[in-house]
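Down below is the structure, laid out as structure tokens.
Please treat every number below as a calculation from the coordinates, not as lab data. A quick note: this is a predicted structure, and the numbers were derived from the prediction, not measured. Cβ atoms come from the backbone with ideal geometry, glycine included; neighbour counts cover every protein chain shown.
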Amino acid sequence: MSSRPAELSLAYLCQLLRDEGLLSEEQVRELRIREPYLRQKLAKEHASTTQRYRVSPVEVVLALDLTMADGRRLTEDRVAEVLAKETTLPYTNLDPLKLYDKLVTETISR
């Protein structure tokens, strides 16, 4: 793999996801074609009167609700795993039920 860019771009993210077998060439082409529309749509959804919202490449990818080769949806967690692997950072899926198990146990037992 080539050196990592300083900032994550849609092209680089697509390359990582394609290299992991999570996106097909056709899906990458669709993302590149629809990127301007998706960015505009997502920015409007997060519009604020005080700040301009900066849409991330991950949001653009997830906005298409893509299906991976194995038939499962491409999720934020799966994208985070790929990014963690690329940056050699550990990845942990934070399950809210496990984080708040004591609270959940106390609430349900009432």
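Which value, in debye to the nearest 20, describes the size of the charge dipole of region 53-92 about its Cα centre when Lys and Arg Cβ atoms bear +1, Asp and Glu Cβ atoms bear -1, and nothing else is charged?
My answer is approximately 40 debye.
Under the classification rounded if a/c is under 1.5, otherwise prolate if a/b is larger than b/c and oblate if not, where does region 1-60 fall, given a ≥ b ≥ c as square roots of the Cα gyration tensor eigenvalues?
Oblate.
According to the square roots a ≥ b ≥ c of the eigenvalues of the Cα gyration tensor, what is the shape class of region 34-90, taking rounded for a/c under 1.5, prolate for a/b larger than b/c otherwise, and oblate for the remainder?
Oblate shape, in that a/c is at least 1.5 and b/c is the bigger or equal ratio.
Count neighbours as other Cβ atoms within 10 Å of each site's Cβ, and list the trypsin sites (Lys or Arg not before Pro) in region 1-89 that are DSSP loop with at most 13 such neighbours.
When the trypsin sites (Lys or Arg not before Pro) of region 1-89 are filtered for loop state and at most 13 Cβ neighbours within 10 Å, 52, 54, 72 remain.
Please list the non-local residues whose amide H lies under 5 Å from the amide H of residue 67, H modeled 1.01 Å from N, same-chain partners needing a gap of 5 or more.
Result for residue 67 returns 74.
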